[in-house]
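Some notes on the structure that comes next.
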Amino acid sequence: MLKRFLPLALLAVIAYPTHLLGGGTGVNNDSKTTLTVDLKSGEKIYKSVCKNCHGPTGKGMASFPKLVDNTAEYLADRLKQYRSGEKIGPNTALMAPQATSLTDQDIADIAAYLASL
Ligand code: HEC
């Protein structure tokens with residue numbers, strides 16, 4: 001008797017909408033945690049702001065450090081440090097204000113752009 005109903009019971013479990021099984025944790029599975037890099041956006045920001053000090057191709061000049069020949073990771077780490085107000089070198093006061101309004105996405109884009117030069 002019981003055996004006859006078992007397959008039906010299994011079917012019911014499989015057909016049950018999976019998003020209801022989570023118990024409403026409020027987790028949005030669509031949210032992205034990894035950033036998709038946009039080189040064009042990075043180039044745009046670099047050319048509108050950063051090139052004034054670091055030069056049109058990121059090669060630097062005088063007390064403005066060269067940015068090319070670094071990895072994207074290094075550049076992004078530095079930019080986040082400046083953004084958080086950390087003192088890095090003797091001219092941090094010149095650089096820090098440039099980083100304050102950058103989003104994580106901006107930083108990823110600029111770093112990838114510079115690393116691609
Ligand atoms: C007003 C001039 C100026 C502008 C504009 C500027 N920077 Fe800088 N940047 C500096 C100076 C000066 C330093 C070195 C600061 C120090 O001594 O810590 C620096 C350092 C850096 C460093 C660290 C380099 C290293 O070798 O560690 C990075 C990365 C950087 N800038 C990226 C940028 C980006 C990206 C922008 C545009 C959003 C930008 N900078 C705009 C002046 C500027």
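The values are calculated or read from the model by the stated rules, or taken from the named source; none is laboratory data. What you see is a predicted model, and the numbers here were worked out from it, not measured in a lab. Glycine also receives a Cβ, built like all others from the backbone with ideal geometry; neighbour counts cover every protein chain displayed.
Annotations
- Restricting region 35-58 to residues that are without any contact (Cβ under 8 Å) to a residue 40 or more places away in the chain and outside any helix (DSSP H, G or I) leaves a set whose member that is nearest to Asn91 (Cα to Cα) is Gly55.
- Considering residues of region 68-82 that are buried (at least 19 other Cβ atoms within 10 Å of the Cβ) and free of Cβ contacts under 8 Å to residues at least 40 places away in the same chain only, the residue farthest from the chain's Cα centre (by Cα): Tyr82
- Evaluating Ala96 against the criteria (1) touching a helix residue (DSSP H, G or I) at 6+ places or on another chain (Cβ under 6 Å); (2) crowded, with 19+ Cβ neighbours inside 10 Å leaves one unmet condition, (2).
- Flag for Val37 being on the phi < 0 side of the Ramachandran plot and modelled with pLDDT under 50: no
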